[in-house]
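Notes follow once the structure below has been shown.
The values are calculated or read from the model by the stated rules, or taken from the named source; none is laboratory data. None of the values given here were measured: they were computed from a predicted structure. Counting neighbours? That spans all protein chains shown, and the Cβs are built from the backbone with ideal geometry, glycine included.
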Amino acid sequence: MTSDVVPPNRPQLPSNFANELWQRYASQQKRLRPEPTQPSSSEISPEDYTTFTTHLKSSTRILALFGAGLSAASGIPTFRGAGGFWREYDSMTLATPSAFSKDPALVWQFYNYRRHAALNATPNRAHIALAELAKNKPNFLAISQNIDGLCQRAGHPAENIQPVHGSIFSNRCTKCPYVEHDNFKDPLVPAFALPDDVDPSDAKFPLKDIALGDLPRCPDCSALLRPNVVWFGEPLPQGAVDRVENWMATDNGGIDLMLVVGTSALVYPAAGFIHTARARGARVAVFNMEEPTEEGPTSRLKDGDWFFQGDAAVLLPELLKEVIGVVPGV
Ligand SMILES: [Zn+2]
């Protein structure tokens, strides 16, 4: 606790940190995407710093919504906007039940690539800062739309986080109730193995022609396994929604603060959590690389809300430090 710290006029980041972070980000992006885009600067105005940290310190009930932007500094592709393509495919058309039934080998190779990227990434300073916040504020619940497991690897306590889109390291049977968790095998099956110099996200390397029998199979009934994630057009798991709603209903339902990190929150029902939190008294703080979109719920910020534009891995350690202390470099 450092309540006597005078808010700085400018964010006092370790001088070489931003450069270091950008170099790491750029090298990871270079491997994962042909043309990386440089993150915008992550300036925090003195007034926003003071009002936000004052409110944070007095907040007990905190809700958060995490999206792909949280993992961007770890080199995990967001698969949105200009980076939304994997090879020649729009990733949003691959993450669907119909794509899987039409071409399971293609969809599985996309997910095998994403598993590999997640396993080779490390949690960034935003994941760590949020995990530390959870340890300091026990009545903090994070709703995570990310499937990469990086919050968990940063030490975010399980009781303070609810994944709502599943996990890329969990698979389930397409026929029977079989589910497996925490399967970190890479490649998942021998048929997905690639030589080291082949980048499966680069369309110049032809995709492997994999027989259906060589795809991941259920050990109980031999039917196809599928990634245990929520695809476009599928509902959120009822258990996950129930847990969030139960949390919202406890302690008379009041919420002090809502953190929206790395997501434009366009997708319902996740977007509805922001409306509910606001209706229960929360002030909303949005952390995103991009300006709010016109149609998203974060586009209509109210008096008393905050919008912090930039890299979450830079902004969050700075804005949470009076509660969590200094987050070491990663
Ligand atoms: Zn089965």
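Say whether the condition of being within 16 Å of the ligand (Cβ to nearest atom) and of a type in the set (D, E, K, R) is met by at least one residue in the range 133-156.
Taking every residue of the range 133-156 in turn, none turns out to be within 16 Å of the ligand (Cβ to nearest atom) and of a type in the set (D, E, K, R).
Look at Pro269 and say whether it is in contact with a Leu (Cβ under 9 Å, 6 or more places away or on another chain), of a type outside the set (Gly, Ala, Ser) and buried (at least 18 other Cβ atoms within 10 Å of the Cβ).
For Pro269, the condition - in contact with a Leu (Cβ under 9 Å, 6 or more places away or on another chain), of a type outside the set (Gly, Ala, Ser) and buried (at least 18 other Cβ atoms within 10 Å of the Cβ) - is not met.
Got a sec? Which of Leu266, Leu236, Leu259 is in a loop (DSSP other than H, G, I, E, B), away from the ligand (no atom under 16 Å from the Cβ) and touching a residue at least 40 places away in the same chain (Cβ under 8 Å)?
Just a single option satisfies the conditions, and that option is Leu236.
At pLDDT 95 or above, within 20 Å of the chain's Cα centre (by Cα), within 16 Å of the ligand (Cβ to nearest atom) and under 20 Å from Arg114 (Cβ atoms): does that describe Pro227?
For Pro227, the condition - at pLDDT 95 or above, within 20 Å of the chain's Cα centre (by Cα), within 16 Å of the ligand (Cβ to nearest atom) and under 20 Å from Arg114 (Cβ atoms) - is met.
Asp197 is checked against (1) within 16 Å of the ligand (Cβ to nearest atom); (2) without any contact (Cβ under 8 Å) to a residue 40 or more places away in the chain and fails just one. What number does that condition carry?
(1)
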